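Take a look at the structure below.
Laboratory data are not the source of any read-out in this text; all were calculated from the coordinates shown. Model, not experiment: these values are computed from the prediction. Using ideal geometry, Cβ is built from the backbone for each residue, glycine included, and neighbour counts are taken over all protein chains shown.
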Amino acid sequence: MANSQLDHTLILLDHLRSILVALGEAEQVPEESHALFLERFDELRAQLPVEPIESQYLGQDLICQVITRYPQIAHLVPRDLLWFFAGDCLHYMPDEEIALYQALEERRFEAEENDEPFDWNQEKQLLSLSGEDSKH
C-alpha cells in the first residue's frame, strides 16, 4: 500500500473524527455509546498505519456505523474513506461514483507501473470534471 494513500486516509479519518467529536459536544447523540464508538474509532486510527490490511474489516464496520448511527452527518463522510475500506462501504456509493473510483485506481496503477508521479486529489478532480462534461 502506497504511503501517500495511507497518509491521505489517516488525514481523512482525523477529519471525520473531528466531526464526530463536534457531534458529541453538541449533545446530539447518547454520550456513553458515543464515547465507546470514539474509542473504537481511535483503535482503528492507531492500528491502520501498523496493520493496514488487518484493519480493513474494522474500518468497513466503523465507517458503515458512522453512516447508520449518525445519519445527520452521513453526507460529511469523505467518499475516499468509503472507497478505501470498500466492502460494505461500497453500498453507500452510487454506480457512477464507483466507476469514477475504479478509473482513478487504474490511473494510479498505470502511474506506478511507469514510475510517474500521481496526485490522487488532482486526478479525482480531473476525472470528475470530464465526467460532468460528458453528461452535458
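See the values below:
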{"item": "Separation of alpha-carbon centers, the stretch 1-66 and the stretch 102-127, rounded to whole Å", "result": "25"}
{"item": "Degrees between helix 120-135 axis and first principal axis of the chain (Cα, 0 to 90, nearest 10)", "result": "70"}
{"item": "Helix-only CD estimate at 222 nm, as mean residue ellipticity for the chain, using -39500 (n - 2.57) per DSSP H run (n ≥ 4)", "result": "-23500 deg cm²/dmol"}
{"item": "Rounded FRET efficiency, nearest 0.05, which uses the C-beta distance separating Ala22 from Glu112 and R0 of 41 Å", "result": "0.65"}
{"item": "Gained length - Gln47 relative to His91, 0.36 nm times residue gap less alpha-carbon distance", "result": "13.4 nm"}
{"item": "Hydrodynamic radius (Kirkwood) for the chain, which is based on Cα pairs only, to one decimal in Å", "result": "16.1"}
{"item": "The stretch 73-134 - percent relative contact order, Cα under 8 Å, separation 6 or more", "result": "23"}
{"item": "Degrees between helix 95-113 axis and first principal axis of the chain (Cα, 0 to 90, nearest 10)", "result": "60"}
{"item": "Principal-axis tilt of helix 31-47 within the chain, Cα atoms, nearest 10 degrees", "result": "40"}
{"item": "Ranked list, fewest to most other Cβ atoms within 10 Å of each Cβ, for His91, His15", "result": "His91, His15"}
